[in-house]
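First up is the structure itself, then whatever we jot down about it.
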There are 6 protein chains.
Amino acid sequence: MLTKELMSIELIPGNTLITAGPEEGRALAIKIARLIIKATQPDATVRERLRPDYANDAGMLISIGHVVAIEFATIAAANNYWR
Amino acid sequence: MLTKELMSIELIPGNTLITAGPEEGRALAIKIARLIIKATQPDATVRERLRPDYANDAGMLISIGHVVAIEFATIAAANNYWR
Amino acid sequence: MLTKELMSIELIPGNTLITAGPEEGRALAIKIARLIIKATQPDATVRERLRPDYANDAGMLISIGHVVAIEFATIAAANNYWR
Amino acid sequence: MLTKELMSIELIPGNTLITAGPEEGRALAIKIARLIIKATQPDATVRERLRPDYANDAGMLISIGHVVAIEFATIAAANNYWR
Amino acid sequence: MLTKELMSIELIPGNTLITAGPEEGRALAIKIARLIIKATQPDATVRERLRPDYANDAGMLISIGHVVAIEFATIAAANNYWR
Amino acid sequence: MLTKELMSIELIPGNTLITAGPEEGRALAIKIARLIIKATQPDATVRERLRPDYANDAGMLISIGHVVAIEFATIAAANNYWR
């Protein structure tokens, strides 16, 4: 159903949302957020060129934090909040 | 109830949110996010023309990641987080 | 409690969130997102005039996808994810 | 604990999230979203002056739809999705 | 673990999310949203200076409504929707 | 699976989402939101330089409140809302 293109990019490392604890869950949230950017803009040169645009912009850093927060909410629920 | 126009566009490939695992769930999230864009702007020429606008813009790439994160949250819940 | 104005606009076609499957749920998400715009700007001429503003703007198309994703999350939960 | 100012503005008509059905729930979502604007900007003259700013702007109409979608998600959950 | 600075600002009045009803829950949502602003910008003079920026801007008023909607979703869930 | 770089930054103080109460949960939400900014822009000098950009901008202060609200929703759920 899904295009070959999408299936050839790794989107979830290890193909699981389960992590040892919140710290690792947070790192996974950052990682999967980045992989969507990579899937949308597969050219590493372009992504590298855009880096200063967001790394030096308060608004964009906040936006990245926003996306990570949403990814983390899903990962935390998947792990039953590591309770 | 819904217009014919909307019913003639495929919005959810295979008409299911159930996937084999998180990796495939993530690809589905990207796919259904794109299909909403397609439903809103059905003209492929226009969509192609807009591609450089978002693929080379850090803020828009983050926004796309944001939408995918929300779609993925729904798909992950539907699959009981593939636990 | 609510103003007559609001009660006279149809906001949820058929007054139910239950749909036959995800595909129809997705179409409903698009539909109810549009009906909020209609309730906020009831003048069809103005809405028509704004169409090129969003249909040709990558950022706005992404924003529309964002809203639909949130509406869909609610509809999917209402349908117990069509499991 | 809360300031008198906040307690004197009605924020939830009827002090309940329970509605007869989705249609009424949707109207409540619009209503409570508006009441937050009113609580933040209590001057009716200013709010009236801002009306053309958002009613004629595609991006702002989408943003309003976004907020209503989130309010509705809460109301729908409160009503167990009117199942 | 957390800095003394953060621990010295009251962030949740009464240290509870439980309220008598939705109306009071809504007021709490506004209150805690404001307290984050206060924690981020502790200078009251600056916050006062910024007031006209958001109180007279349709987009910012909508954004404030957006944040309150999210805080309210959490408070409503904490109170089991006052059912 | 995750890069060494990410694993060397502390992302969740104490590696737990469990807190004594809502007040401490709120402080944790602020803290983990900030740590994502730190992970994305590890240069303290740059982060310090960006501080006036967001601390004096109403829109950015609201955006920060938005992210904290989402982080708090996850922490609150993890703590079963401290009920």
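Brief remarks follow.
- Residue under evaluation B:SER63, criteria (1) surrounded by fewer than 24 Cβ atoms within 10 Å (Cβ to Cβ); (2) more than 25 Å from A:MET60 (Cβ to Cβ), criterion not met: (2)
- When E:LYS31 is tested against (1) farther than 21 Å from F:PRO52 by Cα; (2) surrounded by fewer than 21 Cβ atoms within 10 Å (Cβ to Cβ); (3) over 12 Å from the mean Cα position of the chain (by Cα); (4) not acidic (Asp, Glu), exactly one condition is not met: (3).
- Being at pLDDT 95 or above and either among the aromatic types (Phe, Trp, Tyr) or closer than 17 Å to C:ILE62 by Cβ (or both) holds for only one residue in B:ALA55, B:ALA76, B:ALA44, and it is B:ALA55.
- Within segment E:64-80, considering residues that are more than 12 Å from the chain's Cα centre (by Cα) and free of Cβ contacts under 8 Å to residues at least 24 places away in the same chain, the one nearest to the other protein chains (Cβ to nearest Cβ): E:ALA73
- Note on segment D:4-23: among residues that are touching a residue at least 12 places away in the same chain (Cβ under 8 Å) and open to solvent by 50 Å² or more (accessible area, probe 1.4 Å), the one that is farthest from the chain's Cα centre (by Cα) is D:ILE18.
- Test: B:ARG26 is closer than 25 Å to A:THR45 by Cβ and touching a residue at least 24 places away in the same chain (Cβ under 8 Å): yes
- Condition broken by A:GLY25, with the remaining ones in (1) facing chain F (nearest Cβ under 9 Å); (2) at pLDDT below 95 satisfied: (2)
- Check on F:THR40, open to solvent by 10 Å² or more (accessible area, probe 1.4 Å) and under 13 Å from the mean Cα position of the chain (by Cα): yes
- Count - residues of segment C:38-63 that are free of Cβ contacts under 8 Å to residues at least 12 places away in the same chain and either within 27 Å of B:LEU28 (Cβ to Cβ) or more than 7 Å from every other protein chain (Cβ to nearest Cβ) (or both): 17
- Test result for B:THR3, more than 7 Å from every other protein chain (Cβ to nearest Cβ) and at pLDDT 95 or above: no
The values are calculated or read from the model by the stated rules, or taken from the named source; none is laboratory data. Fair warning: this is a prediction, and the values are worked out from it, not measured in the lab. In this analysis, Cβ positions are derived from the backbone assuming ideal geometry, glycine residues included, and neighbour counts consider all displayed protein chains. Side chains included, ligands, DNA and RNA excluded: accessible areas come from the protein's heavy atoms. Shrake-Rupley method; radii C 1.70, N 1.55, O 1.52, S 1.80 Å.
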